[in-house]
Amino acid sequence: MIAVPASRLPMRLSLAALAVAALAACQSRTTPAVREPSPVIPAPVALPTGSGCGPEIARTKAIVDSDVATGNLNKPVGDRFNADLSQAAAECSAGKSGEALHLLAAAKSRYGYR
């Protein structure tokens, strides 16, 4: 054992306490695990089948509605797109499939869909 003069004992105790505090500050503390937000996985879109202007417009509308629901397309744009699809559907119902498909193609092009 090392003999320490009585006059230096408080200083030694202070240094020992300081060393213990410094070592305690250096201890790594576990940080809580960072959780990534779970991705939104949309339900599969049931696309209408068939040929002609009616099913083609319905398929596009289903895709647009799904894109709005998942946030891939904002609602105001989706509303404008659906308004254009409604015009195409009206032409299709009136028996003007050529005009309906033309309106559909124009709407898809306008909003960046193929």
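The values are calculated or read from the model by the stated rules, or taken from the named source; none is laboratory data. Being a predicted model, the structure only gives us computed values, none of them experimental. So basically every Cβ, Gly included, is an ideal-geometry build from the backbone, and we count neighbours across all protein chains shown. The protein model used for the area step is the full one, side chains on, heavy atoms only, and it has no ligands, DNA or RNA in it. Shrake-Rupley method; radii C 1.70, N 1.55, O 1.52, S 1.80 Å.
Quick one: net charge around residue 73, please, counting Lys, Arg +1 and Asp, Glu -1 for every other residue with C-beta under 14 Å from its C-beta.
For residues surrounding residue 73, the net value is +1.
Give me the percent of accessible area attributable to carbon and sulfur for region 45-114, probe 1.4 angstrom.
Carbon plus sulfur share of accessible area: 53 percent.
How much accessible area does residue 75 have with a 1.4 Å probe, in Å² rounded to the nearest 10?
Rounded to the nearest 10, that gives 120 Å².
Just to confirm, what accessible area per residue do you get for region 50-114 at 1.4 Å probe, in whole Å²?
Solvent-accessible surface per residue comes out at 57 Å².
With +1 on the Cβ of every Lys and Arg and -1 on the Cβ of every Asp and Glu, and nothing else charged, how large is the dipole of region 57-103 about its Cα centre, in debye rounded to the nearest 20?
Dipole size: approximately 40 debye.
Starting from the Cα gyration tensor of region 40-85, multiply each eigenvalue by 5, take the square root, and state the resulting semi-axes largest first in whole Å.
In descending order the semi-axes read 19, 15, 4 Å.
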